[in-house]
Every structure is written in structure tokens, then in C-alpha cells.
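Chemist: Sharing a structure, written as C-alpha cells. Questions coming.
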Amino acid sequence: MVLALLFGGILIWQGLTLGRYPWPFDLWLWGKLACVLGLFGLHGVFATARRKFANGERPRTERYWRMINEVPMVLAIIIVLLATLEPR
């Protein structure tokens, strides 16, 4: 995750310095960055819940976890589509 953040930041920086991205960024890039930050936040939610599960606590219902489990895949699909269908 840290490497993905690092290399993504390098790619954005290169795109800005080489004039590939106008300032402010295109809408597709803002959407992709929002989805990636959402994945990072969701990772934190899952890490906190895992610690609670290890202590025997049940912070949410089973239905909640079944539904929230689908969010990372949906975000990943959106991120890949935004990366591959980048408008020029």
C-alpha cells in the first residue's frame, strides 16, 4: 500500500512537471484519487474492526460486514476503469 502511494505520487508529480496534467487536475484524476483515498480509509476501518474481533467484540452486524466487504472490489473496478479509460 505504501509503495502504491509512493509510485502513484511520483507519477502524478511527473505528469505535472511534464505538462501532461493541466492544473488543477482533470476530473477523472480527482475521481481516481478520491477512490484510492477511500480504499486507504476502508483499510483503516477493517484494521480497527479486526482488532476488535480479536478481542471478542462484535462492533457491527453480520449484514453490515457482508455489505461493506463488497466496497473494496467496487472501488478497485472504478480505479482501474479510470486509469485505463483516461481521456486525452
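Chemist: How far apart, in nm, are two points set 7 Å out from the Cα along the Cα-to-Cβ line at Leu37 and at Leu75?
Modeler: 1.2
Chemist: How large is the accessible surface per residue of the chain, computed with a 1.4 Å probe and reported in Å² as a whole number?
Modeler: Numbers: 6880 Å² over 88 residues.
Value for the chain: 78 Å² per residue.
Chemist: Between helix 27-54 and the chain, what is the angle of the helix's C-alpha long axis to the longest principal axis, kept within 0 to 90° and rounded to the nearest 10?
Modeler: Relative to the chain, helix 27-54 is tipped by roughly 20 degrees.
The values are calculated or read from the model by the stated rules, or taken from the named source; none is laboratory data. Because the structure is a prediction, the values reported are computed rather than measured. Neighbour counts run over all protein chains shown; Cβ positions are idealised from the backbone, glycine included. Each accessible area value is taken on the protein alone, full model and side chains, heavy atoms only, with ligands, DNA and RNA left out. Shrake-Rupley method; radii C 1.70, N 1.55, O 1.52, S 1.80 Å.
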